[in-house]
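Step one of this worksheet: look at the structure below.
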Amino acid sequence: MSRLRSDTITLAYDAGPIVRDVALAIPDGRITTIIGPNGCGKSTLLRALARLMKPASGAVILDGQLIHQLPTREVAKRLGLLHQQPTPPGGITVEGLVARGRYPHQSFLQPPSRRDAEAVDRALELTGMQALRQRPVDQLSGGQRQRAWMAMALAQETALLLLDEPTTFLDIAHQLEVIELVQRLNAEEGRTIVMVLHDVNEAARASHRIVALAGGRIVRDGTPEEVIEPGLLAELYGVECDVHRDPSSGLPVCVPRSRLDVPPAPSPGPQPAFVVDHLQVGYAGTPVLHDVSALVPSGQVTAIVGPNACGKSTLLRACARLLAPTGGVVRFAGDDVRRGSHKALARRLALLTQGPQPPSGFLVEDLVAAGRIPHQSLLRQWRAHDEAAVEHALQRCDLCDLRYREVQTLSGGQRQRAWIAMALAQQSEALLLDEPTTFLDIAAQVDLLELVRELNRREGRTVVMVLHDLAMAARYADQVIVMSHGAVVAAGPPADVLTSDLLREVFEIDACLSTDPHTGALLILPNHALTPQAPQAAMLEPVRS
Amino acid sequence: MALAPARRRGHLTIRTRAFDVRINVRVLLLAAGVTGVLALLATWAMTLGSYPVPYTDVFWSLLGRGNEEHEFIVRTLRVPRVLCAIGIGGMLALSGAIFQGLVRNPLVSPDIIGIESGATLFAVFWLVTGRGWGLLPFAAFGGAFLTAALIYVLSWKGGVSPNRLILVGIGIGSCAAAGTTYLTVRYPVEIVRPAQVWTMGSVYGSDWGDVRVLGVAIAFLLPLAVGLTWSLRTLQLGEDVSRGLGMPLERTRLLLILTGCALSAVTISIAGPIGFVALMTPHLARMLAGPLSGSMMLLTGALGATFLLAADVVAQHALPVALPVGVITSAVGAPYFLLLLYRANIRM
């Protein structure tokens, strides 16, 4: 049976249809996950199912009625939606936020009932947030914040729960934690759950049923075993994958194959690229890094990894001189990065920040040409050398066909490539990348990291990147620097550093380690989180006194 | 000198031993076209008035060969007014373009973030306390700079964030407007009256002295504004990216703010606050020419000059009563501002 279904709906924005003729019945009491490449319409479909968007044709039906004819409050009593990256109202506490989930059940001018208080308590218990209930939401870590929002959706006490990318931005332990919470809600309370996920393996681990969407249509619909297979993944993402079986759970795990023969890691240059010496950095008086020392070899790909809020982006930003240290020093090729002009540093060091917003009207070529700014002056605005560097960067990043396109019209992966091309046109010795793969689907992630590695191998540039995906770091980095709580806890080649003990201690996950049969690289298959769980009693019906 | 045709349409690369530049020819041609229209409009404006002067007489009068009466009307009364409208329109437009680029927000201009209000407060204070019109430009100038400095200091928190700058600016602007209102009720009506007329913004009664002040200001500020286009363009990429590209952010911002303030202060000291030119014109330029390019400031300036001159012609001649030009620009600009807000809302 299904209480919620879509009857051949087509969904369109101004630019044209995003989802076409999708007929989908959500099975009651199960976990259904929608997957697909960036821009395939998965979030749009979820929004329509939650009545946030009116279909251009077709209808969404909830309990046999057209959802758009039901009153908002009625829908909200039956169906809860957790948005992608919601922003909390300023200053609200966790409890205040969760209590907002009770709005559909309350009436005007009526004080919250005992029933409301119970629902809030229970939602806090289920998500393990009781201890933090008085804490302002803006002070929480990413994982805690996501759990607070989840608690709000739970307090709504709806039979149907819709979650839009609930794990993006979370580190691996928190991702697993959220997925486990979803599974518990389903198993013990029988809630129907519909999720959008962009990580295929997470979808396989979490769901009973997977719906694969491409180009706004359903291309496959079935159990994880039926859906996660190389042929379909190639069709969906355009990437060759191997599907392994996780030895402990028996679930399929997809591992994208590298697209080119990987040249061996170059031996590091004689002098380290970066020397971080007893560095202390913070924001507005709150220290984030205390006394960090690290070496980044030159000519290799180094990844900085660690759980959320461990200070990895802060370290990278200090290396790029975006933050002023309160103590210690960062040396790049022997010189203090704080010395000399910004422009001189920009000629030697290119930085790609996290999620930069392209200005409207900028063409790809304009963006790439901006990479030449540190080399230009009032009289020398456009030398032959500048033009050659831009051409070279466009070619390397395979953007020649897109050079006259507006950056804002590109897909996430293409856009990220354009930014990399800009950094490349800077022709610097080192390239710093802050979470370059966030928001990208698996194919675009592989594409990008392959490109970065190729740039390192062919041109000998030092690459330092912050990654939050451990598995990707293990595959694409020659060196990893592991951080935790503002300190470096380990550094070295991935295979030496990323042991199951370290994963347990630093990332708080239980993982199965193996090797990729094709490349011999380290494979990390996470099993479950080790974070303390909410007490089992919380699953039982709340005691009514 | 090698003159290589650019592969990209509309661009011309010129490389010499002394300099290498790439020029967006399309934008430059547009700017030239607008300037042409401006010249025609200016000539027409000089023929209009309660005493019409035919085109040929305008021409001869400009060269100093007309009859005495025509020469007086054209050279003493009409030319300064036309030139002031042109200079003020252009400068307002440039200052708008600078502020919009600086905060990456198209809904910003010196009249909206309170700089004009601050200048007005000082100028009105100057007038109602009977200090005379002679040193008024300096009062307005001082007001604009003090206001800008205050906004800058109050929005400083380890660096200036554009959003805080806008909010602080709106707050300061409201305070200054309240101050102006207080002055107008505090002092006797006959003293306040001329000051109130001045606050409506008008180029009525401009003389050659005003033109000279404008000329000097433009000679300094236009090259500065054009030179700063590069920095503005880099800033469009966002703070972190600009820094990554080696831009000293705070220094560039300070320079941009000073230039923008100077541009708007000069116009206020001569014509009083004229609303919406600074807000609207950069939009128009972007609509015509796409994103910021080197010649953009020339186009923006020419468009601003044309807009204000056209508004002045309408204010002076099209209606039964001659109005201050600020009334016309506001009448056109306010609905446009609402339209912008409406569209911005839809996008969100």
### Query
Taking B:A123, is it away from chain A (no Cβ under 14 Å), under 17 Å from the mean Cα position of the chain (by Cα), in contact (Cβ under 8 Å) with a residue 40 or more places away in the chain and within 22 Å of B:C261 (Cβ to Cβ)?
no
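Kindly indicate which of B:S231, B:S206 is in a helix (DSSP H, G or I) and among the polar types (S, T, N, Q).
B:S231
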### Query
How many residues are touching a Gly at 6+ places or on another chain (Cβ under 8 Å), within 12 Å of chain B (Cβ to nearest Cβ) and closer than 19 Å to B:V21 by Cβ if we restrict to region A:387-412?
1
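Looking at region A:106-128 only, could you name the residues that are under 33 Å from the mean Cα position of the chain (by Cα), of a type in the set (G, A, S) and in a loop (DSSP other than H, G, I, E, B)?
Pass one, region A:106-128, residues under 33 Å from the mean Cα position of the chain (by Cα): A:119-128.
In the following step, the residues that additionally are of a type in the set (G, A, S) were identified as A:119, A:123, A:128.
Passing the criteria: only A:G128.
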### Query
Among strands (runs of 3 or more DSSP E) lying entirely in region B:1-117, which contain 3 or more residues that are surrounded by 19 or more Cβ atoms within 10 Å (Cβ to Cβ)?
B:20-24
### Query
Within region A:194-217, is there a residue that is without any contact (Cβ under 8 Å) to a residue 40 or more places away in the chain, surrounded by fewer than 21 Cβ atoms within 10 Å (Cβ to Cβ) and more than 20 Å from A:S514 (Cβ to Cβ)?
no
### Query
Taking the condition crowded, with 17+ Cβ neighbours inside 10 Å, modelled with pLDDT of 90 or more, assigned to a helix (DSSP H, G or I) and within 14 Å of chain A (Cβ to nearest Cβ), does B:L214 pass?
no
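Scan region A:305-322 and tell me whether some residue there is hydroxyl-bearing (S, T, Y), more than 26 Å from the chain's Cα centre (by Cα) and either surrounded by 14 or more Cβ atoms within 10 Å (Cβ to Cβ) or under 17 Å from A:M465 (Cβ atoms) (or both).
No, region A:305-322 has no match at all.
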### Task
For A:G340, indicate whether it is within 29 Å of A:Q144 (Cβ to Cβ) and either within 14 Å of chain B (Cβ to nearest Cβ) or basic (K, R) (or both).
no
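Residues A:R372, A:R348, A:R339, A:R380: which one is in contact with a helix residue (DSSP H, G or I) (Cβ under 8 Å, 6 or more places away or on another chain), of a type in the set (K, R) and in the same structural domain as A:L432 (by TED's automatic domain parsing)?
Values: A:R348 fails: in contact with a helix residue (DSSP H, G or I) (Cβ under 8 Å, 6 or more places away or on another chain); A:R339 fails: in contact with a helix residue (DSSP H, G or I) (Cβ under 8 Å, 6 or more places away or on another chain); A:R380 fails: in contact with a helix residue (DSSP H, G or I) (Cβ under 8 Å, 6 or more places away or on another chain).
Selected residue: A:R372, the only one of A:R372, A:R348, A:R339, A:R380 that is in contact with a helix residue (DSSP H, G or I) (Cβ under 8 Å, 6 or more places away or on another chain), of a type in the set (K, R) and in the same structural domain as A:L432 (by TED's automatic domain parsing).
So, of the residues in region B:142-187 that are part of a helix (DSSP H, G or I) and of a type in the set (K, R), which turns out to be nearest to the chain's Cα centre (by Cα)? Spell out how you get there, then give the answer.
Here is the first cut: in region B:142-187, the residues part of a helix (DSSP H, G or I) are B:142-154, B:162-186.
With of a type in the set (K, R) added as a condition, the list becomes B:164, B:186.
Working: B:R164: 23, B:R186: 31 Å.
Among them, the one singled out is B:R164.
Please enumerate the residues belonging to region A:287-303 that are of a type in the set (A, V, I, L, M), crowded, with 22+ Cβ neighbours inside 10 Å and in contact with a Phe, Trp or Tyr (Cβ under 9 Å, 6 or more places away or on another chain).
Keep residues of region A:287-303 that are of a type in the set (A, V, I, L, M), which gives A:288-289, A:292, A:294-296, A:301, A:303.
Add one more test, that the residue is crowded, with 22+ Cβ neighbours inside 10 Å, and what stays is A:289, A:292, A:296, A:301, A:303.
Residues satisfying the conditions are A:V296, A:V301, A:A303.
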### Task
Hey, can you tell me all the residues within region A:298-337 that are away from chain B (no Cβ under 14 Å) and of a type in the set (V, I, T)?
A:V301, A:T302, A:I304, A:V305, A:V329, A:V330
### Task
Determine whether region A:72-84 contains at least one residue that is free of Cβ contacts under 8 Å to residues at least 60 places away in the same chain and crowded, with 19+ Cβ neighbours inside 10 Å.
yes
### Query
So, in region B:221-249, of the ones that are more than 9 Å from every other protein chain (Cβ to nearest Cβ) and among the polar types (S, T, N, Q), which residue ends up nearest to A:A324 (Cα to Cα)?
B:S231
### Task
For region A:413-450, name all the residues that are away from chain B (no Cβ under 13 Å), surrounded by 21 or more Cβ atoms within 10 Å (Cβ to Cβ) and β-branched (V, I, T).
A:T437, A:I442, A:V446
#### Entry: Spans of strands (runs of 3 or more DSSP E) in region A:1-105 with at least 3 residues under 20 Å from A:A203 (Cβ atoms) and in contact with a His (Cβ under 6 Å, 6 or more places away or on another chain)
none
### Task
Pull up region A:13-46, narrow it to residues that are surrounded by fewer than 18 Cβ atoms within 10 Å (Cβ to Cβ) and modelled with pLDDT of 90 or more, then point me to the one that is farthest from A:T158 (Cα to Cα).
A:D21
### Message
If I filter region A:355-386 down to residues being within 7 Å of another protein chain (Cβ to nearest Cβ) and basic (K, R), which single residue comes out as farthest from A:D398 (Cα to Cα)?
### Response
A:R380
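Working carefully through the options A:L378, A:L424, A:L367, find the one that is touching a Gly at 6+ places or on another chain (Cβ under 8 Å) and within 19 Å of A:L451 (Cβ to Cβ). Step through it out loud before you land on a result.
On the way: A:L378 fails: within 19 Å of A:L451 (Cβ to Cβ); A:L367 fails: touching a Gly at 6+ places or on another chain (Cβ under 8 Å).
Exactly one of A:L378, A:L424, A:L367 is touching a Gly at 6+ places or on another chain (Cβ under 8 Å) and within 19 Å of A:L451 (Cβ to Cβ), namely A:L424.
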### Message
Residue under question is B:R164, and the condition is that it be farther than 12 Å from B:A119 by Cα and touching a Lys or Arg at 6+ places or on another chain (Cβ under 8 Å); does it hold?
### Response
yes
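The values are calculated or read from the model by the stated rules, or taken from the named source; none is laboratory data. Bear in mind the structure is a predicted one, so any value in this text is a computation, not a measurement. Counting neighbours? That spans all protein chains shown, and the Cβs are built from the backbone with ideal geometry, glycine included.
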